[in-house]
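Asker: Handing you a structure now.
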Amino acid sequence: MGKVHVFDHPLIQHKLSYIRDVHTGTKEFRELVDEVGMLMAYEVTRDLELQDVEIDTPVTKMVAKRLTGKKLAFVPILRAGLGMTQGILNLVPAARIGHVGLYRDPETLDAVEYFVKLPQDIEEREIVVVDPMLATGASAIEAINSLKKRGAKNIRFMCLVAAPEGVEKLQEAHEDVDIFIAALDEKLDDHAYITPGLGDAGDRLFGTK
Ligand code: URA
């Protein structure tokens, strides 16, 4: 079973309180989501492999640590996942970015793939799927299905706010995927919104409502 990591860092919790607040406008919301994306990426990449390298400091020689260069890719789920991408890239500028687009079938309510563009060597990469909200779990599960179909193996999932229902579904569907969450909320409401949540992340990011 994949592990669930809930971040309790004060900076993340502080910024999240403004993200949740209905009085926070589009510009500030967007900036805060980016900032939290960056802070979360810092934690999500905590176990990246390091290697010894010999360097010269101005004083002497030493053996220092550098990333092995193991390949990393972040995959935002369209469209709300885009809101965290720039913050992540500020921290990991060389990371590749894939995209998965899903829509909800109005009759079956299933998540249906309409767009997938990934780095060619996706099977060799450590992949972090990014979506601000993990509600029913349907989009996350389908996005990870899409990635696995194309050969992806090492996948983790990162979101701002999750509902327990979505976490459970995602864990059942993809036992190998660790889940990184800034806040685990109470439940889903009757319209599959996370409660207390932050509303519709896509609309708030892009000012479409
Ligand atoms: N997607 C959102 O943007 N918000 C929710 O509360 C649930 C799904």
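Asker: I need the full set of residues from segment 14-66 which are modelled with pLDDT of 95 or more, farther than 20 Å from residue 182 by Cα and assigned to a loop (DSSP other than H, G, I, E, B), in order please.
Answerer: 23, 25, 57, 58, 59, 60
Asker: Please go through segment 152-168 and give me each residue that is of a type outside the set (A, V, I, L, M) and either more than 23 Å from residue 82 (Cα to Cα) or in contact with a strand residue (DSSP E or B) (Cβ under 7 Å, 6 or more places away or on another chain) (or both), ordered by number.
Answerer: Those that are of a type outside the set (A, V, I, L, M) and either more than 23 Å from residue 82 (Cα to Cα) or in contact with a strand residue (DSSP E or B) (Cβ under 7 Å, 6 or more places away or on another chain) (or both): 154, 156, 157, 159, 164, 165, 166, 168.
Asker: Among residues belonging to segment 179-209 that are among the aliphatic types (A, V, I, L, M) and assigned to a loop (DSSP other than H, G, I, E, B), point out the one that is surrounded by the most Cβ atoms within 10 Å (Cβ to Cβ). Show your work before the answer.
Answerer: To start, the set of residues in segment 179-209 that are among the aliphatic types (A, V, I, L, M) comprises 179, 181-184, 188, 192, 194, 198, 201, 205.
Filter again for assigned to a loop (DSSP other than H, G, I, E, B), leaving 192, 198.
Details: 192: 15, 198: 23.
Looking at residues that are among the aliphatic types (A, V, I, L, M) and assigned to a loop (DSSP other than H, G, I, E, B), I get 198.
Asker: Can you tell me which residue among 138, 73, 111, 152 is without any contact (Cβ under 8 Å) to a residue 40 or more places away in the chain and under 29 Å from residue 50 (Cβ atoms)? Please lay out each step first, then the result.
Answerer: Numbers: 138 fails: under 29 Å from residue 50 (Cβ atoms); 73 fails: without any contact (Cβ under 8 Å) to a residue 40 or more places away in the chain; 111 fails: under 29 Å from residue 50 (Cβ atoms).
Selected residue: 152, the only one of 138, 73, 111, 152 that is without any contact (Cβ under 8 Å) to a residue 40 or more places away in the chain and under 29 Å from residue 50 (Cβ atoms).
Asker: Being in a helix (DSSP H, G or I) and surrounded by fewer than 17 Cβ atoms within 10 Å (Cβ to Cβ) is the filter here; which residues of segment 77-96 pass it? Step through it out loud before you land on a result.
Answerer: Taking segment 77-96 as the starting set, the residues that turn out to be in a helix (DSSP H, G or I) are 80-91.
86, 90, 91, listed by residue number.
Asker: I've got another one for you. Residue 108 fails exactly one of the following numbered conditions: (1) open to solvent by less than 40 Å² (accessible area, probe 1.4 Å); (2) in a loop (DSSP other than H, G, I, E, B); (3) among the polar types (S, T, N, Q). What is the number of that condition?
Answerer: The single condition residue 108 does not satisfy is (1).
Asker: Right, here's the next one. Could you list, in sequence order, all residues of segment 118-135 that are open to solvent by 10 Å² or more (accessible area, probe 1.4 Å), within 16 Å of the ligand (Cβ to nearest atom) and assigned to a loop (DSSP other than H, G, I, E, B)? Don't jump to the end; show me each part of the working.
Answerer: First, the residues of segment 118-135 that are open to solvent by 10 Å² or more (accessible area, probe 1.4 Å): 118-121, 123-126, 131, 133, 135.
Subsequent filtering for residues that are within 16 Å of the ligand (Cβ to nearest atom) retains 131, 133, 135.
Residues satisfying the conditions are 131, 135.
Asker: Another one. Quick one: how many residues across segment 140-178 are within 14 Å of the ligand (Cβ to nearest atom) and crowded, with 24+ Cβ neighbours inside 10 Å?
Answerer: 8
Asker: Among 202, 197, 137, 151, which is the only one that is at pLDDT 95 or above and touching a Leu at 6+ places or on another chain (Cβ under 6 Å)? So that I can check it myself, show each step before the final result.
Answerer: Values: 202 fails: touching a Leu at 6+ places or on another chain (Cβ under 6 Å); 197 fails: touching a Leu at 6+ places or on another chain (Cβ under 6 Å); 151 fails: touching a Leu at 6+ places or on another chain (Cβ under 6 Å).
Only one candidate qualifies: 137.
The values are calculated or read from the model by the stated rules, or taken from the named source; none is laboratory data. Quick caveat, the model's predicted, so the values are computed rather than measured. When we count neighbours, we look across all protein chains shown, and the Cβ atoms used for this are built from the backbone with ideal geometry, even at glycine. Each accessible area value is taken on the protein alone, full model and side chains, heavy atoms only, with ligands, DNA and RNA left out. Shrake-Rupley method; radii C 1.70, N 1.55, O 1.52, S 1.80 Å.
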